[in-house]
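Below you'll find the structure, written out as structure tokens, and then a few comments.
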Number of protein chains: 2
Amino acid sequence: MVDILHRIGVTTPAPETTTQRVYDALTTVEGLAAWWTEKTTGDAGLGGELEFRFPDGGFDMEVTELRPRERVVWRVVGGPDEWVGTTIEWELCQDGDWTVVLFAHRGWREPVEFMHHCSTKWGSFLLSLKSLVEDGEGAPSPRDVKIDNWG
Amino acid sequence: MVDILHRIGVTTPAPETTTQRVYDALTTVEGLAAWWTEKTTGDAGLGGELEFRFPDGGFDMEVTELRPRERVVWRVVGGPDEWVGTTIEWELCQDGDWTVVLFAHRGWREPVEFMHHCSTKWGSFLLSLKSLVEDGEGAPSPRDVKIDNWG
């Protein structure tokens, strides 16, 4: 089993509200649509299912853990074979004026080429999340940063 | 042991020269300085040692493998404890008009928070490499994209 790991820090002129704003961007359909993919639908509550759609397919996630301003976990229940059964974890913590986000996409069976792609893509989408909270403007699909011939 | 993995694709109006240009950006001091850190010095030849410096420290790499337009491997011989002894591998291949780069930073002992940071940072620097070859302009340190409170 191999994992994709990332870390971003988010800082705004109102640091006391930053963690909540990051949490909202991870736990509302509107928030998710503003940094990951505009085609986000479903139920963002605990036990709910979220559908994320991209030009070439998409992912269905079950929300398995929600700890306000601290932790969000999704389980992948639909999408490419390599993704189904993996989990995506978001840990939030404050470090001075920064909200630090530790990201892990865990449980890949093999370090296939698609995993390399998804790792870079996740990093780029995390910077989209950072821009959304800091500057009010993310780069969700289909306006996302293209990293290779797969998108 | 855990690995950081990434994938980018580079495409230019002259695809027959793209792979060579990516390879040059990985195997010359001038190329490396244009996408990773402006403070790059040393010997980029096989068995040589390269020194990469950043505002807060740096890395020394031994060049352990050079296969023109196909593969580059560095071994980390100086830098933070977590990095020393790890290896950094670059695999290049052509896929139609694209040059695909598979990147692996292998041999981390533990998935520490610093590894999360380095994963996102590598992804961002790989996009700097892509921009350098595609548009002639990378974003090396100290002009690099800041991802968190560590830089």
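The values are calculated or read from the model by the stated rules, or taken from the named source; none is laboratory data. This structure is a prediction, so every number in the text was calculated from the model and none was measured. Here the Cβ positions follow ideal geometry from the backbone for every residue, glycine too, while neighbour counts run over all protein chains shown.
Below, the figures for the structure above:
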item: Checklist (1) buried (at least 17 other Cβ atoms within 10 Å of the Cβ); (2) part of a loop (DSSP other than H, G, I, E, B); (3) among the β-branched types (Val, Ile, Thr) applied to B:Ile4, failing item; result: (2)
item: Matching residues in segment A:62-116 - criterion: being free of Cβ contacts under 8 Å to residues at least 40 places away in the same chain, among the hydroxyl-bearing types (Ser, Thr, Tyr) and in a strand (DSSP E or B); result: A:Thr64, A:Thr87
item: A:Glu51, sole failed condition from (1) over 12 Å from the mean Cα position of the chain (by Cα); (2) under 13 Å from A:Leu129 (Cβ atoms); (3) surrounded by fewer than 21 Cβ atoms within 10 Å (Cβ to Cβ); result: (2)
item: Meets criteria (touching a residue at least 24 places away in the same chain (Cβ under 8 Å), within 8 Å of chain A (Cβ to nearest Cβ) and within 21 Å of B:Asp3 (Cβ to Cβ)) for B:Leu126; result: yes
item: Any chance A:Asp148 is at pLDDT 95 or above and either buried (at least 17 other Cβ atoms within 10 Å of the Cβ) or under 24 Å from B:Ser128 (Cα atoms) (or both); result: yes
item: Residues of segment A:7-42 that turn out to be in a helix (DSSP H, G or I), polar (S, T, N, Q) and away from chain B (no Cβ under 14 Å), as a count; result: 3
item: Odd one out for A:Cys118, checked against (1) away from chain B (no Cβ under 12 Å); (2) in contact with a Phe, Trp or Tyr (Cβ under 9 Å, 6 or more places away or on another chain); result: (1)
item: Those residues of segment B:27-43 which are under 24 Å from B:Glu82 (Cα atoms), crowded, with 20+ Cβ neighbours inside 10 Å and among the aliphatic types (A, V, I, L, M), in sequence order; result: B:Leu32
item: Looking only at segment A:2-21, and only at residues there that are charged (D, E, K, R) and touching a residue at least 24 places away in the same chain (Cβ under 8 Å), the one that is farthest from B:Gly123 (Cα to Cα); result: A:Arg21
item: Residues located in segment A:54-76, provided they are surrounded by 15 or more Cβ atoms within 10 Å (Cβ to Cβ) and over 30 Å from A:Glu16 (Cα atoms); result: A:Phe54, A:Gly58, A:Phe59, A:Asp60, A:Val76
item: All positions within segment B:107-151 that are among the charged types (D, E, K, R), more than 18 Å from B:Phe52 (Cβ to Cβ) and more than 13 Å from the chain's Cα centre (by Cα); result: B:Arg109, B:Glu110, B:Glu113, B:Glu134, B:Asp135, B:Glu137, B:Asp148
item: Members of segment A:117-136 found to be farther than 15 Å from B:Ser124 by Cβ and either in contact with a strand residue (DSSP E or B) (Cβ under 8 Å, 6 or more places away or on another chain) or in a loop (DSSP other than H, G, I, E, B) (or both), listed by number; result: A:His117, A:Cys118, A:Val133, A:Glu134, A:Gly136
item: Neighbours by Cβ (under 6 Å, 6+ apart or cross-chain): first from segment B:22-43, modelled with pLDDT of 95 or more; second hydroxyl-bearing (Ser, Thr, Tyr); result: B:Val22/B:Thr99; B:Val29/B:Thr40; B:Leu32/B:Thr40; B:Ala33/B:Thr40; B:Trp35/B:Ser128; B:Thr37/B:Ser141
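Yes/no matrix, rows are residues, columns are (1) of a type outside the set (Lys, Arg); (2) out of contact with any strand residue (DSSP E or B) (no Cβ under 9 Å at 6 or more places or on another chain); (3) away from every other protein chain (no Cβ under 14 Å):
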site: A:Ala44; (1), (2), (3): yes, no, yes
site: A:Gly58; (1), (2), (3): yes, no, yes
site: A:Val63; (1), (2), (3): yes, no, yes
site: A:Pro68; (1), (2), (3): yes, yes, yes
site: A:Gly85; (1), (2), (3): yes, no, yes
site: A:Pro111; (1), (2), (3): yes, no, no
site: A:Gly138; (1), (2), (3): yes, yes, yes
